[in-house]
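Asks: What follows is a structure written as structure tokens; I'll ask about it next.
The values are calculated or read from the model by the stated rules, or taken from the named source; none is laboratory data. None of these values were measured; they are calculated from a predicted model. When we count neighbours, we look across all protein chains shown, and the Cβ atoms used for this are built from the backbone with ideal geometry, even at glycine. Calculation scope for accessible area: heavy atoms of the full protein, side chains included, ligands and nucleic acids excluded. Shrake-Rupley method; radii C 1.70, N 1.55, O 1.52, S 1.80 Å.
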Amino acid sequence: MLISEREQLRANIERRVIDFGNNRSALIPVIQEVQQKYGHVSEYVMQVLADVLHIHPVEVYGVASFYSFIGHKPKGRFIIRLCRTLPCEMKGKERVARQLENDLGIHFGETTDDGNFTLEWANCLGMCDQGPALLVNERIYTQVTPQSVHDILEECREVFGVHTTLQEKEMSCELPTSAK
Amino acid sequence: MAFKNYILVCAGTACESSKGIALYEALEKELKAQGVDAEAQLVKTGCFGFCEQGPIVKILPDESFYVKVSPEDASKIVSEHIIKGRQVKELLYDQDQSSGTSADSIDFYQKQQRIVLRNCGVINPEYIDEYIAREGYAALEKVIFDMTSDEVIKELTDAGLRGRGGAGFPTGVKWGFTKNAQSDQKFIVCNADEGDPGAYMDRSTCEGDPHSVLEAMTIAGHTVGADQGFIYIRAEYPLAIERLENAIAQAREYGLLGDNILGSDFSFDIELRLGAGAFVCGEETALLASIEGKRGMPIPRPPFPAVKGLWGKPTVINNVETWANIPMIILKGSAWYSSIGTETSKGTKVFALTGKINNSGLIEVPMGTTLREIIYDIGGGIRSGKKFKAAQTGGPSGGVITEEYLDTPIDYESLQSIGSMMGSGGMIVMDEDDCIVDVTKFYLEFTVDESCGKCAPCRIGGRTNYNILDKISRGQGKVEDLDTLKDLAQAMRKASLCGLGQTAPNPIMSTINFFEDEYMEHINEGKCRAGKCKDLMSYTIIEDKCIGCTACARVCPVNCISGEVKAPHVIDQDQCIKCGQCFTKCKFDAILKG
Ligand SMILES: Cc1cc2nc3c(=O)[nH]c(=O)nc-3n(C[C@H](O)[C@H](O)[C@H](O)COP(=O)(O)O)c2cc1C
Ligand code: SF4
Ligand code: SF4
Ligand code: SF4
Ligand code: FES
Ligand code: FES
């Protein structure tokens, strides 16, 4: 990252911490915003958060590493989370899992080489009567079949195609400006 | 009514993901195209609970209830129903109309009583006016201007309302603790971290009737003397988050949140906090730690949050469903509420019916309804005419209910007495094709995965239990293993710090109790009668029956079936992942499962 971008990021984080009440309670919401924007929470971000909140970086790391939706390694642009709990299992999530692995050429917990897709397990997405359910970033898909996996991935690739340049620009851009 | 007809279109997550939005747009377009957009009002509503048959469209005033409606049906609905006043028969749930055409006449709704879900599928959750039109915020007004705090608490206590988050603690008593605690600051928290596999009533309530939660939290704020509330909701629920954010903004605009609510000197506001994929944050002390910006790890209680909660201040924390009951109790009174239910458990309970049941979905029934009524009368019985095996309630803290207990009237105590739990209300129905060892393994995998690791009994005990179950499911178990499981269960119950570890062994104890024979079959005979434990089964192609149609080879996800066209095929057993797709696909009964 360029120095100017780092400065920008630091300023944004400082501003968002203030938006969220300027105390420790702001830590997780700001981490979540960074995670959403950049796909991971870097060491630099953790250091900034520690400085701003006057806590040790290990504290920040401890929090970031506790929650499964927060990662300190870069993940794919599309994080696909397939529900693995019982009702979805009963509706055939295993086949969907195999299809996803085959189509993407990766196992669960991995990211494709082009950095587009990460495959993860989730525990119950609250769509249990409509299983198998999966979450792609913030979009829920239900009654997924091995056949529909293909369409879902195509849909992602289309979105990705259109937004490539936009995404690239976003890397250096701001966190949301509206308060909360 | 200004309009001749109201067309209610479900905009719950399930219906949305099955083309609900396209349907709404198609209806909008057709109304305009056919020139009747002034005669019918389109309304997006929350979930009707009958997602199995979604997308759902209900038309008022005649209450026609259309199921599985596709965008292509829009034109017909408008031209037939709206213009000519004739029902579109093929879209009705009960097409031969033997039992009528409205929702009330459908068996799925008949035994239900909707208090928590009163507005779901009725109002557009995105407009506060629709909530207000159905007595919304009237309870808050009553509390602020006509009732003392003690009266509110007495009303809740007399109503007999108990926490719906699982533990069933009396809500009025909890509020009383916080009200009587001396402190410069107090907080109100809504637990919307719903994580039990198989439960989604909190999501649906937040999506379909977000204001009922906001109103109740504000009532609590006024009653105990708090000016700040938090809703902790899991990040897996994007639509619910959006609806809550929108509802909070509208309530602020209407002066129902913020300073000087309804012109009184009472001020109260609510913020959202999102979970980040940790089930244990549903436990109240872990949840509060997470709001404070810490790792979501439970701490020992007492002190209870009611006296020492968020930032050490007295905090009322209740579950979404608990909250949604409260405005109705205030408006209709404790006598009305306590007339519903059983001796110890009052009111209704929402259950999420899933698994091998015909009508899966969200239902709300008076406490004391039997499991038989739920599964057969409302749920329409077991899918594909299979045999009922058990119903799992209470999620990873619960257990199974078998055939012989189907007539137990359901309440907190009765479920506990048969080794299960009310939990948050997930009800997973299993049939003869489900293996009890496999199911139990699932719950253990879940609790091992979600254990925060703070205390050893849960961290190590859970893992050991899981490993033993895994061994049994692979046919390598020993008879003594069952005793080890039971011993470990006792230790975890006694020594774990929080509810997760204390209740994690419940699925094991309950299933061993009811299905010891099935465990023994796995152990002694290496047999899984349901054919679910993969190591104890295989798929083979019967040479004589296979005509070589290649259908199986084409569906196999790991390409392990080989054979020439029109020649018998063979499965490579080393590669086969036992997904069963070939078995389902073969039209010639040539694949043997066993
Ligand atoms: C591991 C664990 C997970 C829990 N998850 C939830 C949950 O998702 N939602 C909930 O309302 N309560 C959950 N609870 C119960 C809460 O700790 C707490 O009892 C509840 O929020 C109190 O509200 P109530 O009195 O309205 O039920 C959980 C408890 C434990 C031990
Ligand atoms: S019982 Fe389990 S989840 Fe609860 S505190 Fe102990 S390790 Fe954590
Ligand atoms: S589908 Fe059945 S008949 Fe066709 S090749 Fe496979 S086993 Fe043979
Ligand atoms: S069970 Fe699944 S993996 Fe095995 S042969 Fe059949 S289709 Fe292939
Ligand atoms: S079990 Fe898969 S969404 Fe609930
Ligand atoms: S989401 Fe439409 S009926 Fe449930």
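To keep it simple, each residue is scored yes or no on (1) buried (at least 20 other Cβ atoms within 10 Å of the Cβ); (2) more than 17 Å from A:F78 (Cα to Cα).
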| residue | (1), (2) |
| --- | --- |
| A:K91 | yes, yes |
| A:R98 | no, yes |
| A:D113 | no, no |
| A:N123 | yes, yes |
| A:M127 | yes, yes |
| A:R139 | no, no |
| A:Q143 | no, yes |
| A:E154 | no, no |
| A:R157 | no, no |
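Asks: Checking the condition within 19 Å of the chain's Cα centre (by Cα) and modelled with pLDDT of 90 or more, which residue from B:A306, B:A391, B:A335 passes?
Replies: Result of the check over B:A306, B:A391, B:A335: B:A391.
Asks: Of all residues in region B:222-256, which are buried (at least 19 other Cβ atoms within 10 Å of the Cβ) and over 27 Å from the mean Cα position of the chain (by Cα)?
Replies: B:H222, B:T223, B:V224, B:A226, B:L256
Asks: For B:A167, only one of the following conditions fails: (1) touching a helix residue (DSSP H, G or I) at 6+ places or on another chain (Cβ under 6 Å); (2) more than 14 Å from every other protein chain (Cβ to nearest Cβ); (3) in a loop (DSSP other than H, G, I, E, B). What is its number?
Replies: Going through the list (1) touching a helix residue (DSSP H, G or I) at 6+ places or on another chain (Cβ under 6 Å); (2) more than 14 Å from every other protein chain (Cβ to nearest Cβ); (3) in a loop (DSSP other than H, G, I, E, B), B:A167 breaks only (1).
Asks: Checking B:K532 against (1) free of Cβ contacts under 8 Å to residues at least 60 places away in the same chain; (2) closer than 30 Å to B:Q416 by Cβ; (3) within 13 Å of another protein chain (Cβ to nearest Cβ), which test does it fail?
Replies: Unmet for B:K532, out of (1) free of Cβ contacts under 8 Å to residues at least 60 places away in the same chain; (2) closer than 30 Å to B:Q416 by Cβ; (3) within 13 Å of another protein chain (Cβ to nearest Cβ): (1).
Asks: Scan region B:424-442 and give yes if some residue there is over 22 Å from A:M127 (Cβ atoms), open to solvent by 10 Å² or more (accessible area, probe 1.4 Å), more than 14 Å from every other protein chain (Cβ to nearest Cβ) and not basic (K, R), otherwise no.
Replies: no
Asks: Further question on the same structure: I'd like to check something: does region B:438-446 contain any residue that is farther than 12 Å from B:P505 by Cα, more than 16 Å from ligand 3 (Cβ to nearest atom) and touching a Lys or Arg at 6+ places or on another chain (Cβ under 8 Å)?
Replies: Yes, the conditions are met somewhere in region B:438-446.
Asks: Condition first: without any contact (Cβ under 8 Å) to a residue 24 or more places away in the chain, among the β-branched types (V, I, T) and either closer than 30 Å to A:L125 by Cβ or surrounded by 15 or more Cβ atoms within 10 Å (Cβ to Cβ) (or both). Can you find one or more residues in region B:65-82 that meet it?
Replies: No: zero hits.
Asks: Let me ask something else about it. Note down all Cβ pairs under 9 Å where the first residue falls in region A:96-107 and is more than 9 Å from chain B (Cβ to nearest Cβ) and within 11 Å of A:V144 (Cα to Cα), the second is among the acidic types (D, E) and surrounded by fewer than 17 Cβ atoms within 10 Å (Cβ to Cβ), and they're at least six residues apart or on different chains.
Replies: Note: no pairs meet the criteria.
Asks: While we're here: Checking the structure you have, find out if any residue of region B:1-22 is in a loop (DSSP other than H, G, I, E, B) and buried (at least 20 other Cβ atoms within 10 Å of the Cβ).
Replies: Yes: region B:1-22 contains one or more residues that are in a loop (DSSP other than H, G, I, E, B) and buried (at least 20 other Cβ atoms within 10 Å of the Cβ).
Asks: For B:D196, indicate whether it is away from ligand 6 (no atom under 16 Å from the Cβ) and buried (at least 22 other Cβ atoms within 10 Å of the Cβ).
Replies: Here the answer is yes, as B:D196 does meet what is asked.
Asks: Here's a follow-up. Select from region B:273-303 the residues that are open to solvent by 40 Å² or more (accessible area, probe 1.4 Å) and within 14 Å of chain A (Cβ to nearest Cβ) and write down the one among them that is farthest from ligand 2 (Cβ to nearest atom).
Replies: Ranking the candidates gives B:L274 first.
Here's the yes/no breakdown for (1) of a type in the set (D, E); (2) away from every other protein chain (no Cβ under 13 Å); (3) surrounded by 18 or more Cβ atoms within 10 Å (Cβ to Cβ); (4) in a helix (DSSP H, G or I):
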| site | (1), (2), (3), (4) |
| --- | --- |
| B:P305 | no, yes, yes, no |
| B:A324 | no, yes, yes, yes |
| B:M328 | no, yes, yes, yes |
| B:A335 | no, yes, no, yes |
| B:T344 | no, yes, no, no |
| B:A352 | no, no, yes, no |
| B:V365 | no, yes, yes, no |
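Asks: A:G21 fails exactly one of the following numbered conditions: (1) farther than 18 Å from A:L119 by Cα; (2) more than 8 Å from every other protein chain (Cβ to nearest Cβ); (3) part of a helix (DSSP H, G or I). What is the number of that condition?
Replies: (3)
Asks: Still on this model: So, B:I270, is that one hydrophobic (A, V, I, L, M, F, W, C) and away from every other protein chain (no Cβ under 14 Å) or not?
Replies: no
Asks: Restricting to region B:476-526, count the residues that are over 30 Å from B:F304 (Cβ atoms) and in contact (Cβ under 8 Å) with a residue 12 or more places away in the chain. Break it down into steps so the answer makes sense when it comes.
Replies: First pass over region B:476-526, keeping only residues over 30 Å from B:F304 (Cβ atoms): B:476-487, B:511-526.
Subsequent filtering for residues that are in contact (Cβ under 8 Å) with a residue 12 or more places away in the chain retains B:477-479, B:481-482, B:484-486, B:511-516, B:518-520, B:522-524, B:526.
Matching residues across region B:476-526 total 21.
Asks: Here is a follow-up. Identify all residues within region B:448-469 that are facing chain A (nearest Cβ under 10 Å) and within 26 Å of the chain's Cα centre (by Cα); write none if there are none.
Replies: Correct list: B:D449, B:E450, B:C452.
Asks: Can you tell me which residue is farthest from ligand 3 (Cβ to nearest atom) among those in region B:27-64 that are in a helix (DSSP H, G or I) and under 22 Å from B:V122 (Cβ atoms)?
Replies: Here the answer is B:L31.
Asks: Kindly indicate whether any position in region B:546-558 is within 15 Å of ligand 4 (Cβ to nearest atom), touching a residue at least 40 places away in the same chain (Cβ under 8 Å) and farther than 30 Å from B:A456 by Cα.
Replies: Yes, the conditions are met somewhere in region B:546-558.
Asks: With the checklist (1) over 30 Å from B:C51 (Cβ atoms); (2) assigned to a helix (DSSP H, G or I); (3) out of contact with any Lys or Arg (no Cβ under 8 Å at 6 or more places or on another chain) in hand, flag the one item B:G172 doesn't pass.
Replies: With (1) over 30 Å from B:C51 (Cβ atoms); (2) assigned to a helix (DSSP H, G or I); (3) out of contact with any Lys or Arg (no Cβ under 8 Å at 6 or more places or on another chain) applied to B:G172, the lone miss is (3).
Asks: Looking at A:F117, is it under 18 Å from the mean Cα position of the chain (by Cα) and within 8 Å of another protein chain (Cβ to nearest Cβ)?
Replies: Values: under 18 Å from the mean Cα position of the chain (by Cα): yes; within 8 Å of another protein chain (Cβ to nearest Cβ): no.
It is false that A:F117 is under 18 Å from the mean Cα position of the chain (by Cα) and within 8 Å of another protein chain (Cβ to nearest Cβ).
Asks: Now, a different point. Could you run through region A:38-68 and say how many residues are more than 9 Å from every other protein chain (Cβ to nearest Cβ) and either polar (S, T, N, Q) or more than 22 Å from B:Y232 (Cβ to Cβ) (or both)?
Replies: 18
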